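What follows is a short report on a single structure.
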Ligand code: NA7
């Protein structure tokens, strides 16, 4: 079924793509400008990441209340049950927000966008869904998420498997029965680790295929008492301010001293306290050199390796679980709940694919040079075509017939992570070179900037806004400079696209921190959007 651009059925001011945390905020913000907005969403409900990733054990790794919205009515009426809420609660929360803010009629579900084409003559976009429905709008805003195009490994025979198989990011809504089954889990990123630790007590056996180990640290989740919930309500403004003034977008602050200068006793004490502490405190509340210098980094790596050796009984398995290709914080570390202890179970096997590669998937399981691991269920926790994947799977055509895939052939280029030259009236929330860490906080800044830009256009009678190639070059250089010379520069991860075979190694996100990003957006907006070219 296809629909030509002439068969336009709906006119709105703005088409937003994606009904996740960012899309929900964008709808609300743009409606408050008096714009008519339609959000197109491939899923059958709101939530984005928190709609699709319903695998066992999926939960936040930043504090629920620092990741959620700060609208006063939401703060007043919602209480999180845990410091790090599980997926079902987050999905409920997002539905609550949508209803409480009266947004539900702005969404159109089961509508995957197939193409978006800029119509030069009218300076409008024509968006077509896979079902063939078309929309004409002055503006489009993508809120497609940074990790939302799931990928499978290139192992032959995936379709030959006769049992059940699931990708963590495409998990069905019906309950998947894993109790008493033989399960293979492929991938040991945040999703793989959450699955493994959650299903370990119930499965008959489990074989975990690990390509690269990660530095996972304890989540130390706990319930939020009614007293704490009340305190969070009272101090929400302060928390918001703390988050917005911290580089990582968290309530944590790094220590002012360095691990290399501390006595061995103090260092040990601090590391132990952080290990017993919660969430990302190990990353953000640590000595200020552990994420910055090879010497500081080596000290934390040594400490974390010793913890893995303590917790995993079989020394060979422990060594396999200790990363050797990257230091702590060079990649976003997963947080775990008794993950390492899973490998002390007799019915759990860890396969390192470096030593024992997956040759193919057969009808019965996964074959390696050592034989076939026969299983009933395969869980692919193999990640995403990050940042750009959700753009390149749509057919996006800008000014003069230029394709976004061509414009970004050498890696994505953007202005502020929000605009890209040659694509007028095309805005991105959570686009390349724009975000890291506490994504909702970045998304809010971006949606606010877009709302302001559209208001500026309407007040001045402009119908077309597009960033200049020069502004784009400058931002792209700047985004890269935020990690140049840091430990992050040598890491290989989805932030660089290196997890996808054939994808060019380019830094895809932004490492300059929330306060700097906010200042950059403000500087552009308050200078009549210098870097953006407007016309009528
Ligand atoms: P990630 O972090 O990209 O993890 C994917 C995992 O899958 C990772 O361990 C990969 O190993 C592994 N993988 C990918 N391809 C293969 C093949 N071919 N063979 C074996 N293993 C493979 O995605 P997640 O969903 O876990 O987490 C995404 C983000 O969610 C995370 O960063 C947090 O922000 C929350 P690799 O390390 O690439 O060698």
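The values are calculated or read from the model by the stated rules, or taken from the named source; none is laboratory data. Just so it is clear, the model here is predicted, and its values are computed rather than measured. Here the Cβ positions follow ideal geometry from the backbone for every residue, glycine too, while neighbour counts run over all protein chains shown.
Could you tell me whether region 370-387 includes any residue that is more than 16 Å from the ligand (Cβ to nearest atom), part of a strand (DSSP E or B), closer than 30 Å to residue 506 by Cβ and touching a helix residue (DSSP H, G or I) at 6+ places or on another chain (Cβ under 7 Å)?
The answer is no; no qualifying residue exists.
Looking across region 134-158 at every residue that is within 23 Å of residue 449 (Cα to Cα) and in a strand (DSSP E or B), the one that is nearest to the ligand (Cβ to nearest atom) is identified as 142. Of all the numbered requirements in (1) touching a residue at least 40 places away in the same chain (Cβ under 8 Å); (2) over 20 Å from residue 20 (Cβ atoms), residue 122 misses one, and that requirement is (1). Quick one: residue 457 ticks every box in (1) surrounded by fewer than 22 Cβ atoms within 10 Å (Cβ to Cβ); (2) on the phi < 0 side of the Ramachandran plot; (3) touching a helix residue (DSSP H, G or I) at 6+ places or on another chain (Cβ under 9 Å) except a single one, so which number is it? Against the list (1) surrounded by fewer than 22 Cβ atoms within 10 Å (Cβ to Cβ); (2) on the phi < 0 side of the Ramachandran plot; (3) touching a helix residue (DSSP H, G or I) at 6+ places or on another chain (Cβ under 9 Å), residue 457 comes up short only on (3).
Summed over region 191-213, residues that are within 16 Å of the ligand (Cβ to nearest atom) and surrounded by fewer than 23 Cβ atoms within 10 Å (Cβ to Cβ) total 8. Please enumerate the residues belonging to region 159-183 that are within 11 Å of the ligand (Cβ to nearest atom) and either touching a helix residue (DSSP H, G or I) at 6+ places or on another chain (Cβ under 7 Å) or free of Cβ contacts under 8 Å to residues at least 40 places away in the same chain (or both). Result: 168, 169.
Selection over region 123-133 of residues that are more than 14 Å from residue 395 (Cα to Cα) and either buried (at least 19 other Cβ atoms within 10 Å of the Cβ) or touching a strand residue (DSSP E or B) at 6+ places or on another chain (Cβ under 8 Å) (or both) gives a count of 3.
Among the residues of region 413-430, those identified as in contact with a helix residue (DSSP H, G or I) (Cβ under 8 Å, 6 or more places away or on another chain) and either over 15 Å from residue 25 (Cβ atoms) or surrounded by fewer than 24 Cβ atoms within 10 Å (Cβ to Cβ) (or both) are 413, 414, 415, 416, 417, 419, 420, 421, 422, 423, 424. Here residue 396 does not qualify as in contact with a helix residue (DSSP H, G or I) (Cβ under 9 Å, 6 or more places away or on another chain) and within 16 Å of the ligand (Cβ to nearest atom). Contact map, region 334-356: first residue within 19 Å of residue 203 (Cα to Cα) and touching a residue at least 60 places away in the same chain (Cβ under 8 Å), second residue within 12 Å of the ligand (Cβ to nearest atom) and assigned to a loop (DSSP other than H, G, I, E, B), Cβ cut-off under 6 Å, separation 6 or more or different chains; pairs are 336/216; 339/216. Taking residue 511 as the residue in question, decide whether it is more than 19 Å from residue 418 (Cα to Cα), buried (at least 17 other Cβ atoms within 10 Å of the Cβ), within 17 Å of the chain's Cα centre (by Cα) and in contact (Cβ under 8 Å) with a residue 60 or more places away in the chain. For residue 511, the condition - more than 19 Å from residue 418 (Cα to Cα), buried (at least 17 other Cβ atoms within 10 Å of the Cβ), within 17 Å of the chain's Cα centre (by Cα) and in contact (Cβ under 8 Å) with a residue 60 or more places away in the chain - is not met. Counting residues in region 273-287 that are in contact with a strand residue (DSSP E or B) (Cβ under 7 Å, 6 or more places away or on another chain), within 16 Å of the ligand (Cβ to nearest atom) and at positive phi gives one or more. Within region 160-200, the residues that satisfy the criterion of being under 25 Å from the mean Cα position of the chain (by Cα) and assigned to a loop (DSSP other than H, G, I, E, B) are 171, 172, 173, 174, 175, 176, 187, 188, 189. Residue 306 falls short on exactly one of the conditions (1) more than 13 Å from residue 259 (Cβ to Cβ); (2) part of a loop (DSSP other than H, G, I, E, B), and that condition is (2). Of everything in region 477-495 that is under 20 Å from the mean Cα position of the chain (by Cα) and assigned to a helix (DSSP H, G or I), the residue that is surrounded by the fewest Cβ atoms within 10 Å (Cβ to Cβ) is 489. Within region 5-52, the set of residues being part of a strand (DSSP E or B), at pLDDT 95 or above and surrounded by fewer than 22 Cβ atoms within 10 Å (Cβ to Cβ) comprises 12, 13, 38.
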